[in-house]
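The values are calculated or read from the model by the stated rules, or taken from the named source; none is laboratory data. Nothing here was measured: the structure is a model prediction, and the numbers come from that model. Glycine gets a Cβ as well: all are built from the backbone with ideal geometry, and neighbour counts include every protein chain shown. To get the accessible areas, we keep the full protein, side chains included, count just its heavy atoms, and leave off ligands, DNA and RNA. Shrake-Rupley method; radii C 1.70, N 1.55, O 1.52, S 1.80 Å.
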Amino acid sequence: MRSHPYLLAAACALLCSVAPLRAQRIFVGADFATRFDNREYAGTAFADASETLFSARLTPTAGVRWDERNTLAIGVDLRQDFGDDAKFLTEAKPLIYYAYETPRVFAAAGIFPRERLCGAYGELFFDDAYLFYNNRIQGLAGRYRAKGGGFVELAIDWEGMQSKRVREKFRLLSAGEWSGKRFYGGYALSLLHFAKTSDPAPGEGVVDYLLINPYGGLRFSALFDFDIRLGYVQSFQRDRIAENGWKAPKGGMLDVRIGYKGLSLGNTLYAGECQMPFFDRYGTALYAGSVFFATRNRIYNRTDISYGRRFFGDTVGVRAGFLFHCAGKGLGTQQRIEVDVRLQKIFDRRHRKAENR
């Protein structure tokens with residue numbers, strides 16, 4: 001909480017510095033999200049992952065846009081875990097970034113919302129709870145869109161600065177997709193360097209972890225909306241402390257989703273080798289994806305029934321779902337409810353000048 005006066009001063013300095021800019025637009029906004037996630041995995045191989053997550057987040061942001069392409073913004077991401085009464089806020093983290101955006105090109109530098117990325121990084125890459133509690137990119141990102149709608153993007157996220165209690169950790173992300181009238185294809189890639197703390201304890205290793213998922217699919221509507229995707233999963237992982245060389249688990253994924261007016265039924269089937277061979281040693285500190293991809297039973301199936309819609313001019317969104325997980329042993333269930341609000345007010349200095357004449 002000590003950083004709040006500095007953030008306020010920085011916001012004031014930012015807004016006061018816009019006077020020399022031409023065609024500038026000042027904006028003030030706030031995003032709100034609350035998320036309930038009840039995970040009941042007893043009876044599965046990952047019973048220890050059972051938990052209930054219930055939190056709320058508020059992210060006020062202010063900044064300036066100029067020449068229709070440039071944005072300079074500052075904000076603070078405030079989160080409270082329900083039931084955590086030990087302090088006023090569970091977490092408060094800054095947002096501060098510059099972004100350049102046209103219909104074809106996007107680039108950002110600083111600390112910016114993860115939602116600015118648009119790649120298909122599924123739950124093999126990032127568990128849905130991980131995305132909620134780690135919703136910022138700290139680094140750089142760039143994206144190019146082709147005339148036909150395809151894109152390719154690249155981002156660098158510095159997730160941990162080395163200290164006595166924090167491991168050095170940074171990730172390279174890339175994704176791309178081409179889409180035709182019905183068929184589409186693309187890829188998602190993650191390269192993670194997971195290093196030691198500055199005062200390493202016995203057993204701390206350095207892990208290099210590359211994960212790539214090329215895929216192809218079919219989308220069409222025939223009363224219902226259908227999305228069928230088939231992908232290949234390949235990773236290369238090395239724990240330098242073990243000195244056993246590289247592990248290269250591979251597998252295949254089939255995703256099928258049927259939707260109608262916000263209601264959807266989906267199924268994900270993974271068949272292949274354990275994609276988290278060092279999970280017993282490093283757990284979720286290393287792996288950001290769903291724990292079920294650590295199964296050694298060579299199969300994982302997830303079925304979900306969900307509903308999601310946006311209301312009031314796209315400012316309020318509601319999502320709810322029931323999920324069922326099976327990784328060769330037992331059945332895990334999950335219930336999830338999310339509500340989010342997105343508000344923004346833009347003040348155009350050009351209009352004000354015209355009115356004062």
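Computed from Cα atoms, the angle from the helix 4-16 axis to the main principal axis of the chain rounds to 50 degrees. A simple spin-label model places pseudo-atoms 7 Å from Cα toward Cβ; at Asp208 and Leu331 they are separated by 4.4 nm. Per-atom-type breakdown for the stretch 122-193 gives carbon and sulfur 62% of the accessible area (1.4 Å probe, protein chains only).
Which entries of Lys93/Lys147; Lys87/Lys196; Lys247/Lys329; Lys181/Lys261; Lys93/Lys196 have Cα-Cα distances beyond 32 Å here? Correct reply: Lys93/Lys147. Shape summary of the chain, radius of gyration then Dmax from alpha carbon positions: 22.0, 75 Å.
The string of couplings for the stretch 153-161 from the Karplus curve (6.51, -1.76, 1.60, θ = phi - 60°) is 9, 9, 9, 10, 10, 8, 8, x, 8 Hz, one whole number per residue in order, with x for Gly and Pro. Given +1 at the Cβ of Lys and Arg, -1 at the Cβ of Asp and Glu and no other charges, the dipole of the chain around its Cα centre is 1260 debye to the nearest 20. Peptide packing for 213-220, 339-346 was compared via the average number of neighbouring C-beta atoms within 10 Å per residue; ordered from the highest value, the list is 213-220, 339-346.
Non-local amide H neighbours of Ile137 (under 5 Å, H modeled in plane, Pro and chain starts lacking H): which ones? The answer is Phe112, Arg114. Between the beta carbons of Ala107 and Ala42, assuming R0 = 45 Å, the FRET efficiency works out to 0.45 to the nearest 0.05. For the stretch 150-256, GluC sites (Glu not before Pro) are listed when DSSP marks them as loop and at most 12 other Cβ atoms sit within 10 Å of their Cβ; the list is Glu243. A 1.4 Å probe run over the protein chains yields, for the stretch 241-357, 59 Å² of accessible area per residue, whole-number rounding. Extension gain, Leu230 to Lys345, is 37.2 nm, computed as 0.36 nm per intervening residue step minus the present C-alpha separation.
Taking all protein chains into account, the per residue accessible area for the stretch 65-134 stands at 48 Å² (1.4 Å probe). Counting only protein chain heavy atoms and rolling a 1.4 Å probe, the accessible areas of Asp225, Asp85 rank, largest first, as Asp85, Asp225.
For Asp77, the residues 5 or more places off, or on other chains, whose built amide H falls under 5 Å of its own are Lys93, Leu95. In this structure the stretch 157-218 gives 50 Å² per residue of accessible area when probed at 1.4 Å with all protein chains present.
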